[in-house]
Amino acid sequence: VKGVWDASDEALLAGYATGDRAAASVFVRRFQGKVTGLALMMTRDRALADEVAQDAFVRAWRYAASYDPRRGAVGSWLLGIVRNVALDRLRVAERRPAVLLPDPPEDVMAADAPDAADAVGERDSVDRLVASLDDLPPEQRSTLLAVTLHGLSAREVSERDGVPLGTVKTRLRLALRKVRDRLGVTVP
Amino acid sequence: VSTLSCASVRELAAELALDVLDGDERAAALAHLQTCAACRDEVASLTRVADELFLLVPEATPSPGFEDRVLDRLADAAVPADPAIPADPAATGAPIAAPVPAAPVPPAARGRRVPRRRLLAAAAALVVAALGATLALSARDPAPETAARTAPMITTAGQDVGEVALAVDPAAVTVTIPDWVALVQRYGGTVEGPYWLMVRTGGSSPDLYRVPAADQHPWRIPLDGESGTVRSVSVVDDAGTVWCTATF
């Protein structure tokens with residue numbers, strides 16, 4: 001389908017919302033890697049991650065018209081849905097990722113993250129993010145990524161890392177502020 | 001009433017932004033945000049950073065046939081279970097997806113430039129017309145007179161935040177969003193609004209009802225028409241942005 005492959009994320013989401021099969025196909029192909037990646041990162045369970053990823057695409061389709069570009073990129077919006085779906089599923093299964101996650105979440109800093117970004121045209125943003133995270137002390141970076149990308153609560157990070165809850169909260173606060181200041185994010 | 005100072009709320013801002021704060025601290029912090037624009041901005045900016053972090057997610061290879069399974073699920077969700085409806089919409093040229101709720105143009109917003117997503121919604125409305133016969137199915141077998149239908153209220157980010165109940169006689173809608181104030185504040189809205197309830201039936205345009213004040217929650221609003229034909233109920237703001245939707 002000439003043209004659809006080159007469509008912007010926004011235009012593709014629009015086609016997805018209105019039911020264009022070609023657009024839906026391309027939309028799924030464009031984002032399925034990241035959607036599956038986050039689902040897997042949060043659940044650490046292949047089968048469950050597959051279900052979460054499918055559910056997220058269906059939910060995104062159902063509410064595509066409510067996407068507001070002022071609040072962020074399509075990819076961030078979609079992955080926010082993935083996070084919520086994964087947390088819902090984990091709650092239902094009474095299984096928290098904390099017990100399934102023996103290692104600190106440094107894997108997001110792997111080299112394939114920027115590669116993945118190339119596919120959706122977010123390379124610059126990813127590079128800036130990675131640079132911002134590189135500036136953080138390791139314990140702050142680990143804590144921030146555990147909460148944002150693995151869906152752990154501050155208490156779960158505290159138990160996992162064996163540090164006081166107050167320390168986790170402080171690390172979170174300092175890390176998020178530093179990244180914000182480094183990126184120069186302001187309220188629109 | 002919040003007893004937290006700005007300094008205390010700034011200490012909690014990151015956890016609020018990351019949605020990992022709960023209990024009394026969360027309630028107190030949200031109460032403070034209701035009256036403090038500076039702290040609201042602080043939380044909003046941190047929330048944007050939290051969302052940006054999703055860009056770092058590494059890709060993973062989906063399971064074989066993943067795309068087909070998603071497209072099949074969309075097709076299943078779009079086509080009502082009736083033998084008269086083709087099982088494969090692609091084979092008939094029908095869309096694979098049902099239309100989604102569209103942002104309305106509230107009275108106060110009329111005359112403004114129509115956002116692109118509204119144009120998309122108009123395109124979705126054409127899809128509704130193409131499926132007109134299909135949509136009539138719901139009216140063929142109405143619910144019992146005293147029955148009420150309920151559906152979860154889902155935010156733009158896919159979060160389940162409450163419930164919508166439709167009463168039949170008299171026709172009315174009751175919207176329950178326990179953390180409505182928190183939801184609005186988290187995404188930089190104003191508690192005062194105004195907000196509108198967009199009720200979409202099989203018709204070409206949605207009906208709009210003014211949402212009562214937050215302190216009159218849960219909101220019960222009489223409907224002008226029958227509740228049996230309601231397909232979705234959304235809360236939208238004066239700019240036409242959809243905040244959450246319940247689909248029936």
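FYI, it's all coordinate maths here, none of it is from the lab. Bear in mind that the values here come from a model prediction, so they are computed numbers and not experimental data. As a convention, Cβ positions derive from the backbone with ideal geometry for all residues, glycine included, and neighbour counts pool all protein chains shown.
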Fill in the blank from the handout: region A:2-87: spread of alpha-carbon positions along the three principal axes, whole Å, largest first, is 36, 27, 18
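Suppose R0 equals 56 Å. What FRET efficiency, 1/(1 + (r/R0)^6) with r the Cβ-Cβ distance, do B:SER8 and B:ASP68 give to the nearest 0.05? Don't skip to the answer; put the middle values down first.
Working: r = 52 Å, r/R0 = 0.93.
Using R0 = 56 Å, I get an efficiency of 0.60.
As an exercise, take the mean of 1/r over every pair of distinct alpha carbons in region A:127-188, invert it, and state the Kirkwood radius in angstroms. Don't skip to the answer; put the middle values down first.
On the way: mean 1/r = 0.0843 Å⁻¹.
For region A:127-188, the Kirkwood estimate is 11.9 Å.
Which order results if A:SER76, B:SER227, B:SER8 are arranged by neighbouring Cβ count within 10 Å, fewest first?
B:SER8, A:SER76, B:SER227
What FRET efficiency do you get for A:LEU165 and B:ASP169 if R0 is 45 Å and r is their Cβ-Cβ distance, rounded to the nearest 0.05? Working shown, then result.
Values: r = 52 Å, r/R0 = 1.16.
For A:LEU165 and B:ASP169, the calculated efficiency is 0.30.
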Handout entry: Over region A:135-188, relative contact order from alpha-carbon pairs under 8 Å, at least 6 apart, %
Key = 39
